[in-house]
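As structure tokens, the structure follows; a few thoughts come after it.
The values are calculated or read from the model by the stated rules, or taken from the named source; none is laboratory data. Keep in mind that this is a model prediction, so the values were computed, not measured. All Cβ positions, glycine included, derive from the backbone under ideal geometry; neighbour counts span all protein chains shown.
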Amino acid sequence: MKTVKLLLLGCTLASATISFSQNEGKDFLKNYKSPEFRMRQLTVGGGGYAGGSQNNSNSVNSNYYQEWHEGRFGFGSSFKNVINSPKYQGYSSSSLGLNFAYRLFNGTGYRALGLRASYSGENRFYLRPKLFFGFHNYTVVEPAYNTEIGPSDKYFKMRVNSTPEITLGLGRVEFAYFARQAMDIDRLLSKTGQLSQAFTPDQLKVLADRIGKLRNSRFLDSRLFRIKQLEMIDSTLSEFGIVNERGMSYFSRLNDAMFYANPFGRLSGFRAELGVSASPNYSILDPDNNEWSNHSKVLMKVDYYLPVSYAIQSDISFEGSYGHRVRKSGLLSTHEDVVSFSATYSFGWYPTTRTSLVLTGTGSYVNALDLSAGTNASVSLKYYYYISPETRFNIRGGYSYRSSEFEDLPETNLFNESEIFNLRQGYSFSIGLNHAIF
């Protein structure tokens, strides 16, 4: 019942956004075709996390895994790279972090020190404007050192997982970020009466394309890059001949529109993919318990990103798969055919250049044909705020519910800040501060 309620909440939010479909900026953001560009971002940061789970089931498998709570502090760095051209779209994100954690597990306390290295990459090579061949990979390496509080029980844990995918797909997703920046400039200058008239759609397109193309320029000194960007915008607005007055107020608003915004927040378009993947996983759970598994499957993905208006974003994703999973632990091994379906809906609110609030709901059904079946649902809320062009503040909270517990147990997910552990009910809360090097 809880799963159904969460899914109904997501559907309600999805239908509610349709009423905004005529709002300002919808058509420009939705139809914008981004230019050829490359965008990179290196950040360092730190933050705190609290999370946990509890299990109300009386099944034999769940008696031991009844309650789990964790608090931790960590710091690390991440690098994102986006490439867009008519023949290729690529997105990659890699991170490295160190975490210090305290866990309360069935009444027993543990301290843990862990390292997490991850990489996710999506590569789409376009054979035609809407037809592409894709190769994606998601890899995580998590070593950790645990100490039980009380008895002197110390042991090493590690998880290594990689999921390569090969797909063939239709559609193309565009980056609406530069279009939103052009609209920010129009709105901020119009509010203060510094424009003799609002931008025309053609002028917005010209400005957005020039902002995107300037991303291909590289500067050793970020201050010179900012000056170059402001010069380009001012020169473009001079060509339009619609600026009434130039002064400190004028340039401060250009600065706010250009440098206080999340460059990875807004997308537009439809994309569908059909492919195959494998997911080998190796885990050291304790000195006497090592596990190897692999999940090979045929999968289908559908993504639809809709900028409903200047401030509202509505994104829907579906995924279905059928595959075979093998697990080996010591002398024991299991084989199972697995069918799964999942749907995710995100409602994003981007009211200003600096602020965003994103509500995400996910529902899924997993059926291990030889073992058990279950439904899972989760909801999360994330708030993002730019304190300065380089410094960003974020808060995230989440809740999950699942009707079965045959999936991996929580100890195999050591330090994933977005993970809500896989017992019957789970919660998570995190707060972080990041600083962009470039």
- Unique residue being touching a helix residue (DSSP H, G or I) at 6+ places or on another chain (Cβ under 8 Å) and either polar (S, T, N, Q) or buried (at least 17 other Cβ atoms within 10 Å of the Cβ) (or both) when the list is 144, 182: 182
- Message: Looking at 376, 367, 394 in this structure, which one is closer than 30 Å to residue 223 by Cβ, part of a strand (DSSP E or B), touching a strand residue (DSSP E or B) at 6+ places or on another chain (Cβ under 7 Å) and not aliphatic (A, V, I, L, M)?
- Response: 394
- Some residue of the range 360-370 being touching a Ser or Thr at 6+ places or on another chain (Cβ under 6 Å) and either closer than 30 Å to residue 187 by Cα or not assigned by TED's automatic domain parsing to the domain that holds residue 77 (or both): yes
- Note on the structure: Within the range 215-244, restricting to residues that are among the aliphatic types (A, V, I, L, M) and crowded, with 18+ Cβ neighbours inside 10 Å, the one that is farthest from residue 41 (Cα to Cα) is 242
- Task: Confirm whether residue 368 is touching an Asp or Glu at 6+ places or on another chain (Cβ under 6 Å), crowded, with 18+ Cβ neighbours inside 10 Å and either touching a residue at least 40 places away in the same chain (Cβ under 8 Å) or within 17 Å of residue 263 (Cα to Cα) (or both).
- Result: yes
- Task: Mind listing whichever residues of the range 240-265 are part of a helix (DSSP H, G or I) and in contact (Cβ under 8 Å) with a residue 24 or more places away in the chain?
- Result: 240, 249, 250, 253, 254, 255, 256, 257, 258, 259
- Which one is nearest to the chain's Cα centre (by Cα), of the residues in the range 379-392 that are modelled with pLDDT under 85 and either assigned by TED's automatic domain parsing to the domain that holds residue 226 or of a type in the set (S, T, N, Q) (or both)? 391
- For residue 309, work out the one condition from (1) assigned by TED's automatic domain parsing to the domain that holds residue 79; (2) surrounded by fewer than 18 Cβ atoms within 10 Å (Cβ to Cβ); (3) within 30 Å of residue 389 (Cβ to Cβ) it doesn't fulfil. (2)
- For the range 84-101, how many residues are surrounded by fewer than 16 Cβ atoms within 10 Å (Cβ to Cβ) and either among the hydrophobic types (A, V, I, L, M, F, W, C) or in contact with a Lys or Arg (Cβ under 6 Å, 6 or more places away or on another chain) (or both)? 3
- Message: Restricting to the range 178-216, name every residue that is without any contact (Cβ under 8 Å) to a residue 24 or more places away in the chain and of a type in the set (Ser, Thr, Tyr).
- Response: 190, 200
